[in-house]
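One structure below.
No lab work stands behind these numbers, since they all come straight from the coordinates. What you are looking at is a predicted structure, and each value in this text was computed from that prediction instead of being measured. Using ideal geometry, Cβ is built from the backbone for each residue, glycine included, and neighbour counts are taken over all protein chains shown.
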């Protein structure tokens, strides 16, 4: 127990010294993100921007159709990544069509509300866990697949990982050592 607390304390100290900035404001527009990122880049430098998630952002023009709003936000984020010379990891929801198919593995066409996301992204990765859809019959309990369905500069494919739901963690199966029972 004391060793665990010591490890946690060390991890907290390391994390608190890292240049990680969070903005958990609601109703954020692309313009808000652009302004915030430019400020952080000027003051501290920028390694990556993570947006959780695209469909929660507030559109600039709320009267235009939703597909057009998403397309505008996606294109603006793509341009921002180029301007900042920094990757933007933007999470996106899937539409519900995946639930109506026998094969539940997500595809590019499942990105919610806009084909522009697919066009703008350099890389699209999706998560699939058979156990989520087939808890009683899965042949891979505890496993997840990261599907690289688009990779503008490299290969597409599947990466298999161990999913630890209690910790919301994904681990390399080559380095997972279960304690003896």
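Please quote Rg/Rh for segment 1-138 to two decimal places, taking the Kirkwood radius as Rh and restricting both calculations to Cα atoms. Walk me through the numbers on the way to the answer.
Values: Rg = 18.7 Å, Rh = 17.6 Å.
With Rh from the inverse mean 1/r over Cα pairs, Rg/Rh is 1.06.
Could you tell me the ratio Rg/Rh of segment 122-181? Both radii from Cα atoms, Rh via Kirkwood.
Values: Rg = 13.3 Å, Rh = 12.8 Å.
My calculation puts Rg/Rh at 1.04.
Give me the extension gain from residue 21 to residue 58: residue separation times 0.36 nm, minus the current Cα-Cα distance, reported in nm with one decimal.
Values: separation 37, 0.36 × 37 = 13.32 nm, distance 2.04 nm.
Gain on extension, residue 21 to residue 58, equals 11.3 nm.
So for 163, 175, 21, fewest C-beta neighbours within 10 Å to most, what's the order?
On the way: 163 19, 175 7, 21 13.
With the sparsest Cβ surroundings first, the list reads 175, 21, 163.
Would you mind computing, in nm to one decimal, how far apart the modelled labels at residue 127 and residue 107 are, each placed 7 Å from Cα along Cα→Cβ?
Output for this residue pair reads 2.3 nm.
Say R0 is 30 Å: what FRET efficiency, to the nearest 0.05, do residue 100 and residue 159 get from their beta-carbon distance?
Working: r = 26 Å, r/R0 = 0.88.
Efficiency, from the Cβ-Cβ distance: 0.70.
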